[in-house]
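Chemist: The following block contains the structure, expressed as C-alpha cells.
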Amino acid sequence: PSIASYSFISQNKLKYKTLITQEMLKKGFLASTTFYASIAHDTKVIEKYFDNLDDIYSLISKCENEELNIDRLLDSSVCHDGFKRLN
C-alpha cells in the first residue's frame, strides 16, 4: 500500500499547504497534502473530504491568479518544510 501525497509548484507551496490544513480543520478534517485513507472512511466521508478540498483548491487558484492574497487568508504562521530543529 502507498500513501497519496502531492505538492504545489509555486513559490507559495508551503503557504498553500498551511491553508489546506487550516481550512480542512475548520471543516472537521485533519488534513494536509498527504491523504491517509482508512477502511473506516466510507464513501460519504471521502466525498465530503474531496468536496471541501475542491473549495480550498479554488482559493489557491485565485491566489495563483492574483485575485486573492494568500497572506490574508492564513490565520497562523506558515508550516515548516521537512524535519529539522525548530529552535
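Chemist: Rounded, prolate or oblate, given the Cα gyration tensor of segment 26-70, with a/c below 1.5 counting as rounded? Present the calculation step by step, with values, prior to reporting the outcome.
Modeler: On the way: a/c = 3.09, a/b = 2.57, b/c = 1.20.
Prolate shape, in that a/c is at least 1.5 and a/b is the bigger ratio.
Chemist: Give me the angle, in degrees from 0 to 90, between the Cα long axis of helix 13-26 and the longest principal axis of the Cα atoms of the chain, rounded to the nearest 10.
Modeler: Value to nearest ten degrees: 50.
Chemist: Shifting gears a bit: Considering only protein heavy atoms, what is the solvent-accessible area of D81 at a probe of 1.4 Å, reported in Å² to the nearest 10?
Modeler: 90 Å²
Chemist: With r as the distance between the Cβ atoms of S2 and K26 and R0 = 35 Å, compute the FRET efficiency 1/(1 + (r/R0)^6) and round to 0.05.
Modeler: 0.80
Chemist: A follow-up question, please. Please give the charge dipole size of the chain, origin at the Cα centre, charges +1 on K and R Cβ atoms and -1 on D and E Cβ atoms. Round to the nearest 20 debye. All intermediate terms of the calculation are to be shown ahead of the outcome.
Modeler: Working: 11 positive and 12 negative charges, 82 e Å.
My answer is approximately 400 debye.
Chemist: With angles folded into 0 to 90 degrees, how steeply does helix 43-64 sit against the dominant principal axis of the chain? Use alpha carbons for both and round to 10.
Modeler: The angle comes out at about 10 degrees.
Chemist: By the scheme Lys and Arg +1, Asp and Glu -1, what is the net charge of all other residues having a beta-carbon under 15 Å from that of K44? Please report the intermediate quantities before stating the final value.
Modeler: Numbers: positive: K27, K48; negative: D42, E47, D51.
Charge balance near K44 sits at -1.
Chemist: Same structure, new question: Straight-line reach from K62: which lysines have a Cα under 24 Å away, not including same-chain ones fewer than 8 places off?
Modeler: Counting by Cα, and skipping residues close in sequence, K62 has these lysines nearby: K13, K15, K17, K26, K27, K48.
Chemist: Which net charge results for the neighbourhood of K26, defined as the other residues with beta-carbon distances under 12 angstrom from its beta-carbon, given Lys and Arg at +1 and Asp and Glu at -1? Write out the running numbers ahead of the final one.
Modeler: Details: positive: K27; negative: E23, D55, D75.
Spelling it out: positives minus negatives among the neighbours equals -2.
Chemist: Something else: Normalise the Cα radius of gyration of the chain by 2.2 N^0.38 Å (N = residues in it) and let me know the number. Spell out each step's value before the answer.
Modeler: Details: Rg = 13.8 Å, N = 87, 2.2 N^0.38 = 12.0 Å.
Relative to the rule-of-thumb radius for its length, the chain sits at 1.15.
Chemist: While we're looking at this one, here's another question. Return the distance in nm (one decimal) between the two label points of a simple spin-label model at L68 and V45, each offset 7 Å from Cα along Cα→Cβ.
Modeler: Result: 2.7 nm between the two label points.
Chemist: Measure off 7 Å from each Cα along the Cα-to-Cβ vector at D55 and V78, then give the distance between these two points in nanometres to one decimal.
Modeler: 2.5 nm
The values are calculated or read from the model by the stated rules, or taken from the named source; none is laboratory data. Predicted, not measured: the structure shown is a model, and the values here were computed from it. Neighbour counts run over all protein chains shown; Cβ positions are idealised from the backbone, glycine included. For the accessible areas, the whole protein counts, side chains as well, though only heavy atoms, and no ligand, DNA or RNA atoms are used. Shrake-Rupley method; radii C 1.70, N 1.55, O 1.52, S 1.80 Å.
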